[in-house]
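Engineer: Before anything else, here's the structure in question.
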Amino acid sequence: SAQAETLEFQSEARQLLQLMIHSIYSNKDIFLRELVSNASDALDKLRLETYRDKDLEADTADLHVEIALDKDARTLTVRDNGIGMSRDDVVNLIGTIAKSGTAEFLRKLKESQDAAGSQDLIGQFGVGFYSSFMVADKVTLVTRKAGTADGVRWESEGEGTYTIEPVADAPQGTAVTLHLKPADDEDHLFDYTSEWKVREIVKRYSDFITWPVRMLKQGTESTEEGAEEAAPEFETVNSRKALWARPSSEVSDEEYQEFYKHISHDWNNALETVRMQAEGTFEYQALLFIPSQAPMDLFMRDAKRGVQLYVKRVFIMDDCEALMPTYLRFVKGVVDAQDLSLNVSREILQQDRQIRAIRRRLEKKILSTIKTMMTEEAEKYATFWREFGRAVKEGLLDDPDNRTAILDISSFESTHHAEKPTSLRDYVSRMKDGQEHIYYLTGDSRTVVENSPHLEAFRAKGYEVLILTDPVDEMWVDGVGGFEEKSFQSVAKGEVDLGGDETSDEQKAEFEDLLKWMSATLTDSVKEVRLSSRLTTSPSCIVGDSGDMTPTLEKMYRAMGQ
Ligand code: ADP
Ligand code: MG
């Protein structure tokens, strides 16, 4: 038509599409999960919007998802009557990728040469709508935003450009039609026009979706010659049961994992599943997950954080930060509260006493879950700590109330073992007789710390020293106090008394002139030059006052321009 426009995909979108077209995922079935998940999100959004805007002219009488197959045309259509998209929405949401971390992801993908490595990376990055291009050589999307009159038709073969044009009479919501690639062979396992196959995928990946996912009932779609015209009959394929409301004995691990993938947009299994029930005056249910891999944006400012909030089974919001402290921002899941208004806003939640109480409970539960993991599943815990330890340690600063519990689930590199980090409990159990402090040294890397002259005497005398190399370590270690009555002590600060061999009077006499000369020469740079027994092979080292900043912290402040 005259009004059709051809537009280009944003370059990052183009790169991702190329990955899809060349089918990097081994499991192509998941394209349907992604489409059904988008349809379900669109229905959630519409319901929410109608709560917020009473004047919205939208049809909410029979919200559902529908899947239609056409064997002859080789098409599969996923249709919803949800929120829909305007023309600009389509251009912005489908033509570009707004996710933070995309550029980073693509760069890493390019760098990783081996196929296995790329699979790992891709697993961390859901590609959503674009996964359609794994199985389709052309995708058509027709949509109309609820409350507006103008429909939009979008079409693309995934190769660089798409067309977009207005359409009249588009129903409210979105219909995505995949023009399926020619079948490779007769293998029905990959025939997405097979009703059996499609049902199986929906059951497997989307059973818990709370909206009905309907398919045309078998045998009712075509009318045989001479037979009476029967109205097509639809059947709901999914059981629609909210997982967090079902007894845990009835939910399989696979179901939990699929639910996790649905809400987190992660493509990997979760590391740990946590369920909570609270009865009484303030009733709620929670189903939480600890991911197995840190997201790309864990340390970015605009990182998503928090869990989903439901009120009486109705989805209210994503990323509800009021329910999870920042240092546990990687925890995903759902909290379903019984006594909140459906109209709650983020601002109200921040101040709500009951929400704060839930948050404290969730935090404690997550910490105790990690503690159990640490004592009972060492390997799992090691994975957890590798991925999220750096974030968890922020809690030592942010959350004084839980400091002890956080220290208790933390582990640190140490001179005790070249690879295995140690818990503080284990460190303390190895402390030498009379040792009063937990010794540590901060630095940019393990190598830097290990080569530090400060470490020499401690190593020579057999004292274990924690090696702290995360920037956040500098921030908490001074303020935290101690662990089990043992305070943290930097080996780079002040006079550390390791007992035994004080420098002898003889030595003092021998070096007196040298020290005088050095003090005079270095008078602008150092406060004092003194003889020390703390070194074994290095001739000298610089030591800070007990109250001083560590060199790394000093560098950080300097870098920040202070
Ligand atoms: P994600 O779902 O992770 O945001 P997708 O690639 O699956 O990423 O979808 C991109 C965006 O396109 C969605 O966030 C949504 O805004 C929009 N979108 C996709 N499908 C639909 C749909 N059926 N109805 C309305 N909006 C949709
Ligand atoms: Mg999606």
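Nothing in this text is a laboratory measurement; each read-out follows from the coordinates by a stated rule. Note that the coordinates shown come from a computational prediction; the quantities given were computed from them, not determined experimentally. Note: ideal-geometry Cβ built from the backbone for every residue, glycine included; neighbour counts use all protein chains shown.
Engineer: Please enumerate, by chain and number, the lysines with C-alpha under 25 Å from the C-alpha of Lys432, excluding those fewer than 8 residues away in the same chain.
Structural biologist: Lys420, Lys461, Lys486, Lys493
Engineer: Give me, ordered by chain and number, the residues 5 or more places off Ser292 or on other chains with an amide H under 5 Å from its own placed amide H.
Structural biologist: Answer set, sorted by chain and number: Leu271.
Engineer: Here's a follow-up. List Lys527, Lys304 from most exposed to least, where exposure is judged by having the fewest other Cβ atoms within 10 Å.
Structural biologist: If I rank by nearby Cβ atoms, fewest first, I get Lys527, Lys304.
Engineer: Three principal axis extents, largest first, for the C-alpha atoms of the stretch 354-400, in Å?
Structural biologist: On the principal axes, the stretch 354-400 reaches 36, 21, 15 Å in Cα extent.
Engineer: Full-extension gain between Ser504 and Asn268, please, as 0.36 nm times their residue separation minus the C-alpha to C-alpha distance.
Structural biologist: 78.7 nm
Engineer: If you don't mind, another one. Hey, any idea what the orientation-averaged projected area of the convex hull of the chain's Cα atoms comes to, in nm²? Walk me through the intermediate numbers first.
Structural biologist: Details: hull surface 138.9 nm².
The orientation-averaged projected area of the Cα hull of the chain comes to 34.7 nm².
Engineer: Mind giving me the FRET efficiency for Val314 and Glu377? R0 is 41 Å, r the Cβ-Cβ distance, nearest 0.05 is fine.
Structural biologist: 0.70
Engineer: For the residue pair Glu450 and Asp302, what label-to-label distance in nm results when each label sits 7 Å from Cα along the Cα-to-beta-carbon direction?
Structural biologist: 4.0 nm
Engineer: How high is the FRET efficiency from Lys527 to Met431, r the C-beta distance, R0 41 Å, rounded to 0.05?
Structural biologist: Numbers: r = 31 Å, r/R0 = 0.75.
After rounding, the FRET efficiency stands at 0.85.
Engineer: Now, a different point. Quick check: pseudo-label points 7 Å beyond the Cα along Cα→Cβ at Phe282 and Asp137, how many nm apart are they?
Structural biologist: Reported label-point gap for Phe282 and Asp137 is 5.9 nm.
Engineer: In the neighborhood of Leu271, defined by Cβ-to-Cβ distances under 10 Å, what is the net charge if each Lys or Arg adds +1 and each Asp or Glu adds -1?
Structural biologist: Details: positive: Lys380; negative: Glu272, Glu377, Glu387.
So the surrounding residues net to -2.
Engineer: Another one. Counting each DSSP H run of 4 or more residues in the chain as -39500 (n - 2.57), what helix-only mean residue ellipticity at 222 nm follows after dividing by all residues, to the nearest 500 deg cm²/dmol? Working shown, then result.
Structural biologist: Numbers: 17 runs with 180 residues, N = 562.
So the calculated ellipticity at 222 nm is -9500 deg cm²/dmol.
Engineer: Arranged from highest to lowest average of other beta-carbon atoms within 10 Å per residue, in what order do the peptides 293-300, 506-513 appear?
Structural biologist: Top of the packing list down: 293-300, 506-513.
Engineer: What is the spin-label model distance, in nm, from Phe511 to Asp352 if the labels are put 7 Å beyond Cα along the C-beta direction?
Structural biologist: 6.5 nm
Engineer: A follow-up question, please. Relative to the longest principal axis of the C-alpha atoms of the chain, give the angle of the C-alpha long axis of helix 253-264, reported between 0 and 90° and rounded to the nearest 10°.
Structural biologist: 90 degrees
Engineer: Under the 0.36 nm per residue contour assumption, what length would be gained going from the current alpha-carbon distance of Arg246 and Val167 to full extension? Before the final figure, lay out the partial values.
Structural biologist: Working: separation 79, 0.36 × 79 = 28.44 nm, distance 4.34 nm.
Contour length minus the Cα-Cα distance gives 24.1 nm.
Engineer: Show me the ranking of peptides 73-82, 47-56 by mean Cβ neighbours inside 10 Å, starting with the highest.
Structural biologist: Going by the mean number of other Cβ atoms within 10 Å, highest first, we get 73-82, 47-56.
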